[in-house]
Structures are given as structure tokens and as C-alpha cells.
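One structure below.
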Amino acid sequence: MKLHEYQAKEIMRRYGITTPHGRMAVTPDEAYEIASELKGHVVVKAQVHVGGRGKAGGISLVKSPNEAKDAASRILGMNIKGLTARQVLVEEAVEAIKEYYLAVTVDRSQKAMAIIASSEGGVDIEEVAAKSPEKIAKVWSTPREGFMPWQARALALAAGFDGSAINQIGGYFSALFKLFEREDAELAEINPLMLTRDGKVVAADAKITLDDNALFRHPGYGSLWEAEGDDPLEQEARRRRLTYVKLGGDIGVIGNGAGLVMATIDAIKAEGGEAANFLDIGGGARADVVQNALELILMDKNVKAILINVFGGITRCDEVAQGLLKAIESVDIDLPVVVRLVGTREEEGRALLGGTPVVTADTMVDAAKRVVAIAGGGI
């Protein structure tokens, strides 16, 4: 779950990270009032869940409350990469003599948290990595190991940070690491982190992405969720409490267990096809869940065929078959469906599907071959 900049900064302040003074506004008049409180010299920023706001005209540096009001009038309602700006952050302008980049994220290849620093802040980190990789420094740690102050100082030195700011920035690294761990984040980023003329270090922009699966530990964050920007099918899946990710292919995929679904997607790819989605119905999924999942797949107009791959452990194959039969009865299914059922009550499940248009397969590879051939116009 992505947070807006003003929301991310509220969290960062709780961990001792300094941010510019400011508040969120939803009308030009509110922007005027906030700018008046901040003596006029402010930045007006569109709050949308997408990058590139500045290039799109969604950020304005102004010098008076009237200019702030005009900027807010222009930005509110603006379409930025398909998203509508419905609120703006009005905060004091900060003059920097140097800009840095700080972030903590998950590095799955290292099975650890990556703490990243760069002396080139204010631009896309991908651009820095491509043009000047030597200006990016990384260290890795885990919640068990923690993050030591000496690591922060070493990282700042390796990234080429100004010596006068290293002590402050070292503290920010520790704070960002603690925030990432305690808030169950997937990304905590400050870009840019500004060094001001008076020697202060300020988080001028902030980005936090939270792990959706950990929201039950943070009930207060549930209200921050905004559906705009999410794929409509992913929104519907969330309403149905299904684990679904929209992909770009034309073969719908349903499986029980994330690993099995990913293996199914790989098998389809190996046979020359492309999966339209990732959909995990989980262990012990009953008939109504299977029906729900199938209905969701059918909402994707790009899907030409469906592959259901179930390994029956906790999930019973006959329950899956019953869900499929219910869906066939209640929904007008005009797409071919290939099913592979293996495990608990697989014979009963296959028997239930006998005499239906459903194509059954004995192995995952066989099922992938069949569904790819069908989606491609074969038999």
C-alpha cells in the first residue's frame, strides 16, 4: 500500500526525521491559509501515487500566499499519469546546498533489508545506477542483526556524503531502518535529503510503501488505502478477498498456493504462452472461493482460456470441482477451461467434471501445453 508524501512525512517525524513544516490542502483557499502561516515562500505539491510529479507540472515553488492559491487552483484536478490530484501538500521551501538519497527496502536475493545511500539525490535512483553506479553505496542487515551507528557512518562515507552532515545522516539511517522494520514497510525512501546552508539535514520528499499483508498489525493504516491507481480487477479481487495480480497475457491462472501458481505461470511461459494473472485461492479453498476466483478471471476481457492447477493437500480436489460446476451453472462461461487436479480426492474431483466441457490434464506440463494450444487457436 502506497502512502502519499504528506502521510509518509508524518510517520517519519515520529521517528525523529526532520521534514519541512506544512500541511495538506484540498482547496485553493486552504493552500492560501497554510502559505500565509509559513510566510509565503512555499512549495505546492500534488499528492498522487505516482512519480514524475514535477515533470508533469504537479509541483510549484511560489513566493506568496496568492501564488500558492493560484498554484493549488491549477494543480487540484490535474491529471498526472492517469491519476487526479485531489489534494496538495503546502510546505515551506527549503534551500539546499547538497541533495542526497536514502532508502531501505527488501533485497530478496540477499534475504535481507538493503540500506541504500547516494550522494546524487533529487533524481531517479535508477538513472544514477545506470550512469554513475559508483555513487551508490549499500549495506545489508536483518531485524535480528539490527543496524549499528558505525554502519550508517561507513555507508555515508562510501556514498560520498559531506563530512559535516554525516553524524546527522547517520542518525537518519538508523531511524529509517527502525521505521521500515516497525511499520512493516516494503520501501522507505527519502529523495532528496537536503543539506541546508545552516547545516541542517531535512527530508524534502518522502515515500513509504507498506506491506498489505501486515496491515492487520496496523489497524490505523487501513483507512489510508486509496483504490485510485490500482487496476480495477485488483480492486475487485481485494473486495472478494482474493490474492490476485494482473499480468499482461491471455491465459487466466488459478492455483492453490503461491509457489504452485508461480510454477504454473512459468510452465505456461515455457510452452510459449503468457499468463493473464496470478490468482492464489490458498489452502483449504472451498467451492465458493473457487467460484469467486473463476468469476473474477472472466472479468478480464483479454483472457482466451483458463488453467486451474490444484494440488490437493488441505484443499480437496472434489471441492474445487464443485466450485467449478457451480460457476458453470451460474456464470455464462464461453471460454475453454483446462483443469489439473492431483492429490486429496482427485478421483472424485475428476469424476465430477466428467461429461462437462472442461478439459482435464494429468500433469502441470500437459495442462500448460493444452491451454497454450487452446488459447492460440489450437485444440
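The values are calculated or read from the model by the stated rules, or taken from the named source; none is laboratory data. Predicted model only: the values in this text are computed from it and were never measured. FYI the Cβ positions are ideal-geometry reconstructions off the backbone, even for glycines, and counts take in every protein chain you see.
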If you check Ala188 against the conditions, is it surrounded by 15 or more Cβ atoms within 10 Å (Cβ to Cβ), assigned to a strand (DSSP E or B) and of a type in the set (A, V, I, L, M)?
-> yes
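Each row is one residue, and each column tells you yes or no for (1) closer than 25 Å to Thr209 by Cβ; (2) not polar (S, T, N, Q).
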site	(1), (2)
Ile115	yes, yes
Asp124	yes, yes
Lys135	yes, yes
Thr142	yes, no
Gly146	yes, yes
Gly163	no, yes
Tyr172	yes, yes
Checked pairs for segment 218-245, first among the polar types (S, T, N, Q), second modelled with pLDDT under 85, C-beta under 8 Å and 6 or more apart or across chains, list as Gln235/Ala227; Thr243/Gly282
So, of the residues in segment 119-141 that are in contact with a strand residue (DSSP E or B) (Cβ under 7 Å, 6 or more places away or on another chain) and under 19 Å from Gly51 (Cα atoms), which turns out to be surrounded by the fewest Cβ atoms within 10 Å (Cβ to Cβ)?
-> Ala129
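Yes/no matrix, rows are residues, columns are (1) hydrophobic (A, V, I, L, M, F, W, C); (2) crowded, with 16+ Cβ neighbours inside 10 Å; (3) farther than 13 Å from Val320 by Cβ:
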site	(1), (2), (3)
Ala267	yes, yes, yes
Ala270	yes, no, yes
Arg286	no, no, no
Val290	yes, yes, no
Lys301	no, no, yes
Note down all Cβ pairs under 8 Å where the first residue falls in segment 153-171 and is at positive phi, the second is assigned to a helix (DSSP H, G or I), and they're at least six residues apart or on different chains.
-> Gly160/Lys135
Specify which of the listed residues (Ala85, Ala71) is of a type in the set (Gly, Ala, Ser) and in contact with a Ser or Thr (Cβ under 7 Å, 6 or more places away or on another chain).
-> Ala71
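So that you can scan it fast, the table gives a plain yes or no per residue for (1) in the same structural domain as Glu236 (by TED's automatic domain parsing); (2) buried (at least 18 other Cβ atoms within 10 Å of the Cβ); (3) under 18 Å from Leu242 (Cα atoms):
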residue	(1), (2), (3)
Leu294	yes, yes, yes
Gln322	yes, yes, no
Glu329	yes, no, no
Arg345	yes, yes, no
Ala361	yes, yes, no
Met364	yes, yes, no
Any idea how many residues of segment 101-154 are in a loop (DSSP other than H, G, I, E, B), under 18 Å from Leu187 (Cα atoms) and not hydrophobic (A, V, I, L, M, F, W, C)?
-> 10
Answer yes or no as to whether Ile306 is crowded, with 24+ Cβ neighbours inside 10 Å, touching a residue at least 12 places away in the same chain (Cβ under 8 Å) and either outside the structural domain of Gly257 (by TED's automatic domain parsing) or in contact with a Pro (Cβ under 9 Å, 6 or more places away or on another chain) (or both).
-> yes
Checked Val303, Val320, Val338 against criteria (in a loop (DSSP other than H, G, I, E, B) and in contact with a helix residue (DSSP H, G or I) (Cβ under 7 Å, 6 or more places away or on another chain)); the one match is Val303
Unmet criterion (only one of (1) surrounded by 15 or more Cβ atoms within 10 Å (Cβ to Cβ); (2) out of contact with any helix residue (DSSP H, G or I) (no Cβ under 7 Å at 6 or more places or on another chain)) for Trp150 = (1)
